[in-house]
Amino acid sequence: MDVYRIDPLTDPRWTALVARHPHASIFHTQGWMAALRGTYGYEPLAYTTSLPGRELDNGVPFCRIRTWLTRKRLVSLPFSDHCAPLVETQEALDAILGGLQSDRKKEHLQYVELRPLAFPLTLGGEFTPSESFALHLLDLRPGVRCVFRSLHKDCVQRKIQRAEREGLTCEAGNSETLLRKFYSLLLRTRRRHGLPPQPIHWFRNLIASLGDAVMIRIASRKSSPLAAIITLTHRDTLVYKYGCSDERRSRFGGTQLLLWKAIEDAAAGGLTDFDLGRSELDNPGLLAFKDRWGASRVPLQYVRYSARPSAVASRSWPRTLAKYCFARVPNPFLSAAGRLLYRHIG
């Protein structure tokens, strides 16, 4: 079975495949990949066994990453929580995996990475487990009343009720004004975690590429923003992708109110699933926060084919020093660090 490489940004067959395939997500769309290319300079491509000129029966998208700081690699897909291979048969998957293994050696790639979710086929060959995460998924089909009753009473329900009593206001849209409010809170949150923020033009490119599928929500008290989230919509799924807040005013329940408003709007629009995103397994606080929304915790295992076995990054003194510095530098330097570093770590 032959394997072909296509450009998913220009081949109209890719959009048709994503529109009909049951495992396709927002991360498979042309808009998401266009934002990756426009922001970080990555080169999107997809592997398929479908003949040129024929309808695509399958496809696995990647970005080719080449930077002066890191070696070449293929990732499916950078900055995406998950990206299942859109393949229905084991024969087709084995052929595509064989093509990837051949290309890794031929192009001297550092590694090829897949980020599958609940995938029924076998990722065999020389692919081995790399990073592990948890993904939280909330079923919206029972209706908002049933979903609200499943929320943790103290940590979620009462927070939402307090936010309403305090008169918090919510804004929603994807305007430049809302983006700047979001980014101001993002800088504060990333500093608190000792990390640089994503470049602001990443969010601008997402909005330009995905349009109304991107929603920024801001919660304010007395006109002062105190929490913000960004969600992405694809077919019947809402994805919680980014969140940030002013930790000094977390007691007002801004984040809880925003997530609840997003759930209400999603259910009213006929959406059936809420993807709360991936969480690192060594982040018990974030895991507990998502557990309290009544979401199911699903294992998320990335796999790699590389010249050397995958190694989990250690919490060594350079990382500790970097976090110390990022937590203390002025905002312009923190933003500049994000612009410099993110394209190298996709």
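No value in this document is a laboratory result; all are computed from the given coordinates. Every value quoted in this text rests on a predicted model; they were computed, and no experiment measured them. All Cβ positions, even for glycine, are placed from backbone atoms using ideal geometry, and neighbour counts span all protein chains on display.
Here are a few things to note about the model shown:
- Exposure proxy ranking for 28, 193, 21, 234, based on other Cβ atoms within 10 angstrom of each Cβ and starting from the fewest, stands as 193, 21, 234, 28.
- Taking Cα centre as origin and charging only the Cβ of basic (Lys, Arg, +1) and acidic (Asp, Glu, -1) residues, the dipole magnitude of the chain rounds to 1800 debye.
- Fewest-first sequence of 82, 108 by Cβ atoms within 10 Å of each Cβ: 108, 82
- Taking other residues whose beta carbon is less than 13 angstrom from the beta carbon of residue 30, and scoring Lys, Arg as +1 and Asp, Glu as -1, yields 0.
- Near residue 237: Cβ cut-off under 14 Å, other residues only, Lys/Arg at +1 and Asp/Glu at -1. The net charge is -3.
- With a Cα cut-off of under 30 Å and a minimum spacing of 8 residues unless on different chains, the lysine pairs in the chain number 27.
- The magnitude of the dipole of segment 143-213, with charges of +1 and -1 set on the Cβ of Lys/Arg and Asp/Glu and taken from the Cα centre, is near 400 debye.
- Segment 136-300 shape via C-alpha gyration tensor axes, a/c threshold 1.5: rounded
- FRET efficiency, residue 339 to residue 287 (Cβ-Cβ, R0 22 Å, nearest 0.05): 0.15
- Sites residue 272 and residue 19, calculated FRET efficiency, Cβ-Cβ separation with R0 25 Å, nearest 0.05: 0.90
- Gyration tensor verdict on the chain (Cα atoms; rounded if a/c is under 1.5, prolate if a/b is larger than b/c, oblate otherwise): prolate
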